[in-house]
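Undergrad: Here you go, one structure.
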Amino acid sequence: MKYKIAPNTYYVGVNDRSKHKFENMLALPNGVSYNSYLLIEDKTVLIDSVESTYTEQHIGNIKSLLGERTLDYVVVNHVEPDHSSGLMFLLSQYPDIKIVTSAKAVPMLQGYYKFPETCFEIVKEGDTLKIGEDRELAFYAAPMVHWPEVIVTYDAKNRILFSADAFGCFGTLDGAVMDTQLDLTKYFNEMYRYYANIVGKYGAPVQAALKKLGGLEISMVCSTHGPVWTEHFPEVMAIYDRLSKYEGEEGVVIVYGSMYGNTELMAESVAQGAVSVTKKVILHDLSKSTMCQVLSDVFRYKGVILGAPTYCNDIFPNMAELMKKLELRGLKNREFGAFGSCTWTDATAKIHKAFAEKMNWELAEQDVVTVKQAMRDEEHSLLYELGRRIAEKSI
Ligand code: FEO
């Protein structure tokens, strides 16, 4: 499908409803779009390509608009193969095309695809490319949003920012591409999951990019995934700004692992205490909830309480995995509590304390509760109070 989004400017991307997991890790219940944009002026320019599985559809979209005209340029804002693996087929159709990209992108593209050296036109911060009488594209570096080679492309005439992965989200574009034509509930929910899992580690570079781009007049944002943002861009900007500052919203996420239900009952007691303060309490069983949804919620909300049994004198493996993922992303500023259980020797309290220290999260002695075997009434009270205290700090 193709859609006109501005004068001489078209959406020519594709929807992926087949893939089960993005990057072979992250569940895609709502699919994902690979966005690509075609500018038809004196020069013809494609901005970003698509995943190779969808090349036929992509090239069909382009050809139906270009007819006999050739494609002069393809701007590669970001090399990750969901946006670049289609380039091989694009070059087979348009062999004289110039690839406009950053210097850092060239060895990456060559490593993946081996294009002729002569096809590259390297751009750096502030460079421009004239594509029509009164239209030119300007390029800005946006390193680590989400890879080091990333650039974004700005069309001053139409005030369009082609933002690479920034401001993206999961979710296919069903029947329209503009934010004004879509029910955005799905996309805003998917934005948290996308951000936490893909860009979550790069809060500082995202903040740097937001500051740099803050001076541009922007009416439309064309990301590589999700809707084209116009009227609703301020809401998107607010989400990205908050997440990249690691600021949580009101609410408590309780994440637990449980083998025989005893730790789960502890989680219920914690939840009761938290609900006495706020309705925004989310409970995740790590053996059922997807890791990417858990990460999304922990990124979104201010309070996080982790609970797990001791396992092989270590912590329940799913919990160890979650902790590793949070550590990797350097999530900051969370109100933290923890609980653990064991049958003979507890390993969880020490692990939770070491984790809090690594994350630079405060963990008061009273906010770590341990139970041997099954929970008793006095321990229910301790856990209830734990939930209540963390919730009070998370509103
Ligand atoms: Fe959508 Fe970082 O690629």
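Quick note: the coordinates plus some simple rules give every number you see, no bench work behind them. Remember, it's a predicted structure, so these values are computed and weren't measured experimentally. Glycine gets a Cβ as well: all are built from the backbone with ideal geometry, and neighbour counts include every protein chain shown.
Undergrad: In nm, what is the difference between 0.36 nm times the number of residues separating Y260 and Q181 and their Cα-Cα distance?
TA: On the way: separation 79, 0.36 × 79 = 28.44 nm, distance 4.76 nm.
Between Y260 and Q181, full extension yields 23.7 nm more.
Undergrad: First select every other residue whose beta carbon is under 15 angstrom from the beta carbon of M1; then total the charges, Lys and Arg +1, Asp and Glu -1.
TA: Once positives and negatives cancel, what remains is +1.
Undergrad: What does the extension gain come out to for S52 and E392, with contour length at 0.36 nm per residue minus their alpha carbon separation?
TA: Extra length from S52 to E392 when fully extended: 117.5 nm.
Undergrad: Also, quick follow-up: What share of all Cα pairs of region 1-147, in percent, falls into each consecutive 5 Å distance bin?
TA: 2, 9, 19, 23, 21, 16, 8, 3, 0, 0
Undergrad: Using packing as a proxy for protection, rank 108-119, 357-368 so that the peptide with the highest average count of other Cβ atoms within 10 Å comes first.
TA: Going from most to least packed, we get 357-368, 108-119.
Undergrad: Angle, helix 203-213 long axis vs. longest principal axis of the chain, Cα atoms, 0 to 90°, nearest 10?
TA: Tilt of helix 203-213: around 40 degrees.
Undergrad: Please report the base-10 log of the normalised intensity I(q)/I(0) for region 124-274, using a Debye sum with one equal scatterer per alpha carbon and no solvent, at each q in 0.15, 0.16, 0.19 (1/Å).
TA: Here the Debye-derived log intensity ratios amount to -0.83, -0.91, -1.15.
Undergrad: I've got another one for you. Could you sort the peptides 301-311, 343-353 by per-residue average Cβ neighbour count (10 Å cutoff), highest mean leading?
TA: Ranking the peptides 301-311, 343-353 by packing returns 301-311, 343-353.
Undergrad: Still on this structure: Given a Förster distance of 30 Å, report the FRET efficiency between D134 and K104 from their Cβ-Cβ distance, rounded to the nearest 0.05.
TA: E between D134 and K104, to the nearest 0.05, is 0.45.
Undergrad: Report, to the nearest 10°, how far helix 317-329 tilts away from the longest principal axis of the Cα atoms in the chain, using its own Cα long axis and a range of 0 to 90°.
TA: Long axis of 317-329 versus the principal axis of the chain: about 50 degrees.
Undergrad: Could I ask something else about it? On a C-alpha basis, how far is the centre of region 79-97 from the centre of region 173-252 in Å? Whole number, if you could?
TA: 27
Undergrad: Ok, one more. Which of I218, I62, I198 moves most in a GNM of the chain, Cα contacts under 10 Å?
TA: Taking springs between Cα atoms under 10 Å, the residue moving most is I218.
Undergrad: Can you pull the Kirkwood radius for the chain, inverse mean 1/r over Cα pairs, to one decimal in Å?
TA: Result for the chain, one decimal place: 22.6 Å.
Undergrad: Need one number for region 184-246: average projected area of the convex hull over its C-alpha atoms, nm². Each step should come with its number before you reach the end.
TA: Details: hull surface 16.6 nm².
Average of the hull's projected areas for region 184-246 equals 4.2 nm².
Undergrad: Need one number: nm distance between label points at E250 and D96, each 7 Å from Cα along Cα→Cβ, rounded to one decimal.
TA: Once both label points are built, they end up 6.3 nm from each other.
Undergrad: Between Y195, G171, T185, whose Cα lies farthest towards the positive end of the dipole of region 162-205 when Lys and Arg beta carbons carry +1 and Asp and Glu beta carbons carry -1, centred on the Cα centre?
TA: Y195
Undergrad: On to the next question. Would you mind computing, in nm to one decimal, how far apart the modelled labels at T118 and A374 are, each placed 7 Å from Cα along Cα→Cβ?
TA: Taking the simple label geometry, T118 and A374 are separated by 8.0 nm.
Undergrad: Considering only region 272-395, what is the antiparallel percent among its DSSP beta bridges, to the nearest 5?
TA: Working: 2 of 14 bridges.
Of those bridges, close to 15 percent are antiparallel.
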